[in-house]
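Read the structure below first, then the notes.
Each value in this text was obtained by applying a stated rule to the coordinates, not by laboratory testing. Note that the structure is a prediction, hence the values are computed from the model and not measured. Cβ coordinates were reconstructed from backbone atoms using ideal geometry, including for glycine residues, and neighbour counts include every protein chain displayed.
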Amino acid sequence: MTSYELDSQLEPVLRQMEDHGIKIDVSFLSNLSEKIGLKLLKIESEAHSLIGHDFNLNSPSQLAKILYKDLKIDSRQAGIKRKKTHLSTGANDLEKIRHLHPIVDLILKYREFAKLKNTYLDPLPKLVDENGRLHTHYAIDTASGRLSSKSPNLQNIPKKGETGNEIRGAFISQPGYKLIVADYSQIELRIAAHFSGDTTMIKIFNEGKDIHGATAEELGVDRRTAKIVNFGILYGISSYGLAETLKITPEEAQMLIDKYFMTFSGLREYISKTIESVKEQGLTVGLLGRERIIPEINSESDRLRKFGERVAVNHIFQSSSADIIKLAMLELSKKLDKDTKMLLQIHDELVFEVKNTSINESVTIIREIMESVVKLKVPIIVNISAGEDWSNTREL
DNA sequence: TAGACTGGCGCC
DNA sequence: AAACGGCGCCAGTCTA
């Protein structure tokens, strides 16, 4: 099946998911919004008195002036990024100067809660239907072949942090049903192992090991660092990007990358061959032949050309992953019974609402189809859990 | 007052 | 000038 045929056949499945919608606990979100609102007012007045005058905490330009002019924080020494109109006040940069003035932590706290209130707590309750259910709209026109979700976007519901977790917990099943969450384990790295044929990577997956832990051992770093490096590989790694994320120097980042590719030399070979072929063909293709045209790949500009190279690498993994889960969704739509509704897709995860009496049969079908819809050189593993809300599910 | 742009950030 | 891939949505700011 081509990616075009796949997308066409998936359309009616997506429309059904949109129509079902997912139930949310409206009064819980409204109550939480009030609490967070009070917290924001407190932080705001603290911030104003700390600086000595009122200002708009939501305005990056006002914050930049306060931090780097009024308070004279040395942006060069701290390694603060330049944006088009002023110096950066993004969270990653604020982390670098949080020890220099107490206002920085207040800004970070304010940002966290304001984001959750403005993007989720306040808008979502207004969007439910008469049954308390929320309906997204899936689009299928992304560069990578992934789905996107909008109005509201249900692919970026919070997960991290106490409040974030509470918001996710407001997504619930109707009485007599449970939510089933099925997510692919490290699918893009498995695809990388498959396409590259890298023997070390294949061995790690075939032995059922934790890929980030195994990478950590190979590199002699902690698991968190290894995980960031692994994601960097999928994104088309650069020493600058990795350095920025890990808060190390580009030189140190480059050493990590070199060490990584010493260990996974098959992957290094695969990536460089891919880039060579993209330079000739002007495009890359994923598992089902989904194309991405990459005009930047032969650009005179170093920056653009490097960008093209990263996109070329990333597209193979991202589009293949997108096609695998789409194939599974199509197959599942044919095999699941009326007591099991597919509600959400979040790139490598599916959320179902299943009648309590049907859970065992459905979980068996879901696992079987998701894990076997394509055959790779490494096993495809799906983790499945169930619960009455999206935050507190138990592994099955 | 509406739309475009910018910085920022939620998710994978 | 950025600064590691893919999205969508928010508030502030600028402009017509």
> Residues of segment A:338-396 being basic (K, R) and not in a loop (DSSP other than H, G, I, E, B), which ones?
Replying inline: A:K341, A:K355, A:R367, A:R394
>> Looking at A:Y138, A:Y184, can you tell me which residue is of a type outside the set (G, A, S) and closer than 22 Å to A:F231 by Cβ?
In response: A:Y184
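Listed here are the residues, each with its yes/no results for (1) over 30 Å from A:I346 (Cα atoms); (2) under 32 Å from the mean Cα position of the chain (by Cα); (3) surrounded by fewer than 18 Cβ atoms within 10 Å (Cβ to Cβ).
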position	(1), (2), (3)
A:M1	no, yes, yes
A:E5	no, yes, yes
A:I22	no, yes, no
A:D25	no, yes, yes
A:F28	no, yes, yes
A:L32	no, yes, no
A:H48	yes, no, yes
A:L67	yes, yes, no
A:L71	yes, no, yes
> Which residue pairs have Cβ atoms closer than 8 Å, lie 6 or more positions apart in sequence or on different chains, and pair a first residue in segment A:293-308 that is closer than 16 Å to A:S238 by Cα with a second residue that is among the hydrophobic types (A, V, I, L, M, F, W, C)?
Replying inline: A:I297/A:I275; A:I297/A:V278; A:I297/A:A312; A:R305/A:I297; A:G308/A:V278; A:G308/A:I294; A:G308/A:I297
> Taking interchain pairs and intrachain pairs at least six residues apart, which have beta carbon atoms under 6 angstrom, with the first residue in segment A:349-368 and buried (at least 18 other Cβ atoms within 10 Å of the Cβ) and the second in a helix (DSSP H, G or I)?
Replying inline: A:V354/A:S362
> Which ranges mark the helices (runs of 4 or more DSSP H) fully within segment A:1-68 that have 3 or more residues being of a type in the set (K, R)?
Replying inline: A:26-51
>> If A:K326 satisfies all but one of (1) surrounded by fewer than 19 Cβ atoms within 10 Å (Cβ to Cβ); (2) in a helix (DSSP H, G or I); (3) not aliphatic (A, V, I, L, M), what's the number of the condition it fails?
In response: (1)
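For segment A:117-197, give me every one of the strands (runs of 3 or more DSSP E) that falls completely inside it and has 3 or more residues that are more than 15 Å from DNA strand B (Cβ to nearest atom) and closer than 23 Å to A:I359 by Cβ.
Counting at least 3 such residues, we get A:177-184.
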> What residue, of A:F317, A:F307, is of a type outside the set (D, E), surrounded by 17 or more Cβ atoms within 10 Å (Cβ to Cβ), in a helix (DSSP H, G or I) and within 16 Å of DNA strand B (Cβ to nearest atom)?
Replying inline: A:F317
> From the list A:Y270, A:Y240, which residue is assigned to a helix (DSSP H, G or I), of a type in the set (F, W, Y) and touching a residue at least 24 places away in the same chain (Cβ under 8 Å)?
Replying inline: A:Y270
>> Cβ-Cβ under 6 Å, sequence separation 6+ or interchain: first residue in segment A:147-162 and hydroxyl-bearing (S, T, Y), partner within 7 Å of DNA strand B (Cβ to nearest atom) and in a loop (DSSP other than H, G, I, E, B). Which pairs?
In response: A:S149/A:Q155
> Out of all the residues in segment A:119-143, which are within 20 Å of the chain's Cα centre (by Cα) and surrounded by fewer than 19 Cβ atoms within 10 Å (Cβ to Cβ)?
Replying inline: A:T119, A:H137, A:A139, A:I140, A:D141, A:T142, A:A143
> Looking at segment A:246-265, is at least one residue within 16 Å of DNA strand B (Cβ to nearest atom), in a helix (DSSP H, G or I) and surrounded by 17 or more Cβ atoms within 10 Å (Cβ to Cβ)?
Replying inline: yes
> Just to be sure, is A:L332 in contact with a helix residue (DSSP H, G or I) (Cβ under 9 Å, 6 or more places away or on another chain), of a type outside the set (S, T, Y) and free of Cβ contacts under 8 Å to residues at least 60 places away in the same chain?
Replying inline: yes
>> I need a count of the residues in segment A:85-107 that are buried (at least 16 other Cβ atoms within 10 Å of the Cβ), hydrophobic (A, V, I, L, M, F, W, C) and either in contact (Cβ under 8 Å) with a residue 60 or more places away in the chain or near DNA strand B (Cβ under 9 Å from one of its atoms) (or both).
In response: 4
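Give the residue that is nearest to DNA strand C (Cβ to nearest atom), with candidates limited to residues of segment A:289-304 that are aliphatic (A, V, I, L, M) and assigned to a helix (DSSP H, G or I).
Out of the qualifying residues, it is A:L304.
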